[in-house]
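Heads up: the structure comes next, in structure tokens.
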Amino acid sequence: MSNLLNYVIFLPPLGALLCLVMPTRQLVKMVAVATTGVTLLLSLTMFQDFAWWQGDIFGPAYGDGLKYVSQVPWIWVSKDTAIQYFVGMDGLSFPLVILTTLVTFLACLASWNIEEWKNNRGIKGYFALFLLLETGMLGVFTALDFFLFYVFWEVMLLPMYFLIGVWGGPRKEYAAIKFFIYTLAGSVLMLVALVAFYFYAPEGHRTFDLIKMAKDPAIQSAFSSATFLWGLKFAPVMFVFLYIAFAVKVPVFPFHTWLPDAHVEAPTPISMILAGILLKMGAYGLFRISYPILPGAAVWAAYALALLGVVNIIYGALCAMAQTDFKRLVAYSSISHMGYVLLGMAIMTPAGFQGAMFQVIAHGISSPMCFFLVGVIYDRAHHREINRFGGLWLSMPIYGSLATLGFFASLGLPGLCGFIGEIWVLLATFSAPFTWAKPVAVAAAFGVILSAAYILWMIQRVYLGPRREEYANFPEATAREVFILTPFAVLAIALGILPQQTAFNFMNGTLEQITRIVAENGPKFAAMITGG
Amino acid sequence: MMLLSLTPWIPAGLDLRMFAPELALIATIVAVLVVPLVLGRSGRTAAFISLIGALATFLLTWRAVAGQVVERGYAGLSPDPQATMLVADNFSVFFKLFLSAFLALIIGLWLLRPANGRGAAGVHGGSAGPEFFVLLLSSALGMALMVGTLNLLVMVIAIEMASLPSYALVGSDKRSRPGAEASLKYVLFGAATSSIMVYGLSLIYGAFGTLDIAGIAGKLAGQSVSLGWVPAIGFFALCVGIAFKISAVPFHFWCPDVFEGAPIEVTTWLSVASKAAGLGLLLRIVYALSTAVGGAAWLTPFAWGIGLVAAVTCTVGNLAALRQDSVKRMLAYSSIAHAGYMMMAAAIFTQAGQGQFMSIGLAAVIAYLMVYFVMNLGAFGVTALVSWRTGTDHISAFTGLGRRAPALALPMAVCLFSLIGLPPLGGFAAKWWLLLALGKAAIAAQPWLWGLVIVAVINTAISLYYYVRVIRQMYLCEDERQSAVPAPLGGVVLVNVCAVALLLLGTLLIDKLGNYSTYYASNLLVTQPTAPATATVEPSAEPVVMAPVNESK
């Protein structure tokens, strides 16, 4: 079964090809749903190898607990070094792979009413690109060779550009090109890091293997002591390059402006994917590449990173509060919530990493749900002006209840998934061994209040209040819509009540291994960076 | 000086066999001139003869010369065995294969042009007479000579041989005013730069007393400290002439006008072949010089200069392309940018004694050229097919092409994404090998090359915008005109083959691309040391098929 992961990654493009030759619209949709469904089922079978209740699944050190590994030399760069096709999963990848297959499947179902989007574009192309996108995302989460990671990272750009640009809203062209340019501008810096990581390793140790780079002491000390251009230290420069590449995706404060545009113009299912999975790729990249490979620079930059995280939390929340467009509000709330991920990472303690990773998962569940909830009323009202809504709960009781649940999960109500991530990060920040930690934690805690404010205010304006004439006869959520919302709702509750069993136990081992690498090497290498 | 000797010199037959491709081109030129006397003037007949000639050249290079080069090592053609006039080695074999294959495809593109109807200037047209092909073949011959010489005099002859027919080719549509204007601009620019170059060569000759780069390098090998003003100006002037061919900034002004005004086959030809030949020449000179005197202090500004020009060239090309509405003109600027990327590899100067770095720059350029060949052919091919049908190459002609002609729009999108350099397409593979070469040299000896790496990747992001503009026009914009764009089957096949090739080059064949380019960059004819052999270096440490057999000459 070691090829299972390869099947999961490369099943979607096969489905895409099949979509292109299907004769009728209905068949195209069925093929697409079936492909994402089978991919989901295949990925669910992987739980057998991540059964934490049956014993240790992570191995003693980073990279030991990899499962479903495929490793084949691909491109020979020198006589003894090759770029590999190297995929595998550990506690970092596994939850994200499951999240990807789940959200993609549900988003595919959410695309079922594509004919009603009124932009008169073919649906074969849509589903083919959609499936291609899934491969790109799965590839990013499982690639363990830096080159392969980069290829998947870029492969995912093209379908996204077309999905926003062709099937999007009125300003789709602007949004699509903005997304494309921002992401590419970030990722080309990753390309520099990709080449430099290879050559700055001492001869005989050169590799593109992300695990090896993190574990090889020769590479680690070479990275920490080397200088790049103009006397600048190698490790911090590379960390900044990589950080920009990932920050665009997360998105971190100064690089975030593509996100509201992309979300507003993208069709609902694409927004779900964008919020649920694409944003997580940035966080995953930091976890997989920046922190284990450049621990010294991570320690060196910790304060700045934490500050950026807090800025994200507060700024995103304030922006969300000012929005009148429903979707834009949810988009800014994504920025705010991803700030907790950044903050948790910057703390670099086990609790910080766990909180950040949990927040990644939790947001991966709550934000697609919120975007779908927005999509449901947009399909009926054809506008998204928050102030023009009111009393929707009265006409759509089931939908209204699910919506409240979804937004409460996003808000961070205790008992729901958003709470655990936020509180974990805040607790970790309070107890962190930095002098700046407590003020930062206090500032970040204000974000919780702010997010409660904008979400409750939004719920009041949209769902509560007196029944309005124009929305009185809105049909209740259809079976399809309820079917899509239910898994999200169930997971939001399950993760909120049983965080240990549903999430932490799948990933804590790997996170601890990364924490150990950072704790062992970080301060020592950081001293080399600052000390010269 | 053997050059001035009066004794007649007759090359040995075995040596001549190495130059069968050039001879085949000459024979084709003669045939194209003579056959109309018998069969009457016909463009198509001339085209077919040229096509056969181009294919024969390709086959001769591939089957006969390539094997000979492997068997005998490299060979030079000259009365003086110490100073070769013409060179046949792996590098020139590659360029001859490259040029003849591209020549054949250009003729194929010409044959696809619809015979009826002449539309807007510069789009339709192109002389139907045999002289068009005589000019095309002559410029191909000149380019083949350019990459196969280490003698300054032959260089001048080759560059002129490549340029003069090109001037006429650009203006070959006699009814096109932009064509005539472009042609005149091209002539003026070309004349000015080549006169500068010839002046520089006279200085070099005066300083060294020889026209052979190998000999010059040998004499320089003793001078590790300074070069002296006269030869420095001479080399600078030589670079001006080459920069004109590559259209490097600031000698690029002719390029957009010429590319826009010329018939599209000629534009395609110049954008790839002419630049390839110029780069080949530049690399050969850089390679010969740095092999002999690598590491000398005076070489550093030379390397810096090339690196700077390369960085400026690709930046200027990309920035100027942002504002173009003519797709042809946009592709012209994009070709300037790509020439800049490739020139970066010429800034990799070898260090004496570090054999393993000898050919990485060359290999990177060869890999880049192979991919560039495919993606430019595809992009220009689609532009040609669209503009022949719609009468314009304005970007609006591409509106809604995704619907009107999916079989053209998809390959166009693939080629454009590849030109950006996005994985998993060939353009990324090309850029990857280039960056890897720069990185390798940077870590070994020239850390400032990291700056070029950064410039290259940032330019990638800039170039995204204008390439994607076309894609946006094809797929995102609504089409107010619903008319389909019918295209000849041959054309559709051609551009789709390009697209598939790019997909393969970027995935399964990256490794092969690297191998081939390394092979063609190995085993080169370098300096025959005449001066004290202070810096003699073996031609290559990369795996080669057979060691060079210098003693035979």
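Read-outs: derived from the displayed coordinates by stated rules, not from any lab. Because the structure is predicted, anything quoted here is derived from the model rather than measured. Cβ atoms come from the backbone with ideal geometry, glycine included; neighbour counts cover every protein chain shown.
Once you have all Cα-Cα distances for chain A, histogram them in 20 Å bins from zero and send the whole-percent values. Each 20 Å bin holds this share of Cα pairs: 24, 58, 18, 1.
Each principal axis of segment A:395-532 carries a Cα extent, and these read 70, 31, 25 Å when sorted largest first.
Just so you know, the averaged projected area of the alpha carbon convex hull for segment A:207-266 sits at 5.9 nm². Segment A:326-475: Rg/Rh from Cα coordinates, Kirkwood Rh? Taking Rg over the Kirkwood Rh, I get 1.06. As an equivalent ellipsoid, segment B:132-291 spans semi-axes of 31, 15, 12 angstrom, where each value is the square root of five times an eigenvalue of the C-alpha gyration tensor, largest first.
In the structure shown, the pairs A:K79/B:K512; A:K29/A:K67; A:K79/B:K440; B:K219/B:K245; A:K233/B:K431; A:K178/B:K275 are assessed against 22 Å; a Cα-Cα span above that value is assigned to A:K29/A:K67; B:K219/B:K245; A:K233/B:K431; A:K178/B:K275. Each residue of segment B:227-234 is assigned a 3J(HN,Hα), and the resulting list reads 9, x, 6, 4, x, 4, 5, x Hz, derived from the Karplus form 6.51 cos²θ - 1.76 cosθ + 1.60 (θ = phi - 60°), x at Gly and Pro.
A cut-off under 12 angstrom between Cβ atoms defines the neighbours of B:Y368, and their net charge, with Lys, Arg +1 and Asp, Glu -1, is +2. Report, to the nearest 10°, how far helix A:397-411 tilts away from the longest principal axis of the Cα atoms in chain A, using its own Cα long axis and a range of 0 to 90°. Value to nearest ten degrees: 30. Counting only Cα atoms, the size of segment A:38-166 along its three principal axes is 54, 44, 17 Å, in decreasing order.
What percent do you get for the relative contact order of segment A:77-193 when only Cα pairs under 8 Å and 6+ apart count?
On the way: 91 pairs, mean separation 31.8, N = 117.
27 percent.
Here each label is just a point 7 Å from Cα along the line to Cβ, and for A:L456 and A:T530 those points are 4.1 nm apart. Across segment A:109-177, the convex hull enclosing all Cα atoms gives 83 Å³ per residue. Placing +1 on each Lys and Arg Cβ and -1 on each Asp and Glu Cβ, with no other charges, gives chain A a dipole about its Cα centre of roughly 680 debye. With respect to chain A, whose longest principal axis is taken over its alpha-carbon atoms, helix A:437-462 is tilted by about 20°. For segment B:233-349, the alpha-carbon coordinates run over 46, 24, 22 Å along the three principal axes, in decreasing order.
Partners of B:K174 within straight-line reach, counting lysines whose Cα lies under 22 Å from its Cα and excluding those fewer than 8 residues away in the same chain: B:K185, B:K328.
Rounded to whole numbers, the Karplus 3J(HN,Hα) couplings from phi for segment B:171-178 are x, 6, 8, 5, 8, 9, 5, x Hz, using 6.51 cos²θ - 1.76 cosθ + 1.60 with θ = phi - 60°, and x at Gly and Pro. Across segment A:237-249, computed HN-Hα scalar couplings (Karplus, 6.51 cos²θ - 1.76 cosθ + 1.60, θ = phi - 60°) run 4, 5, 4, 5, 4, 5, 4, 4, 4, 7, 5, 4, 6 Hz from first to last residue, x flagging Gly and Pro.
Taking amide H as placed 1.01 Å from N in the peptide plane, the amide H of A:Y85 sits under 5 Å from that of A:V72, A:W74, each at least 5 places away or on another chain.
Could you give the C-alpha radius of gyration of segment A:452-532 expressed as a fraction of 2.2 N^0.38 Å, taking N as the number of residues it contains? Please list the in-between numbers first.
Numbers: Rg = 23.7 Å, N = 81, 2.2 N^0.38 = 11.7 Å.
Relative to the rule-of-thumb radius for its length, segment A:452-532 sits at 2.03.
For chain A, the longest principal axis of the alpha carbon atoms and the long axis of helix A:146-155 meet at an angle near 20°.
Taking a straight line from the alpha carbon of A:K327, these aspartates and glutamates sit under 16 Å away, with near neighbours fewer than eight places off in the same chain left out: A:D261, A:E265, A:D379, A:E385.
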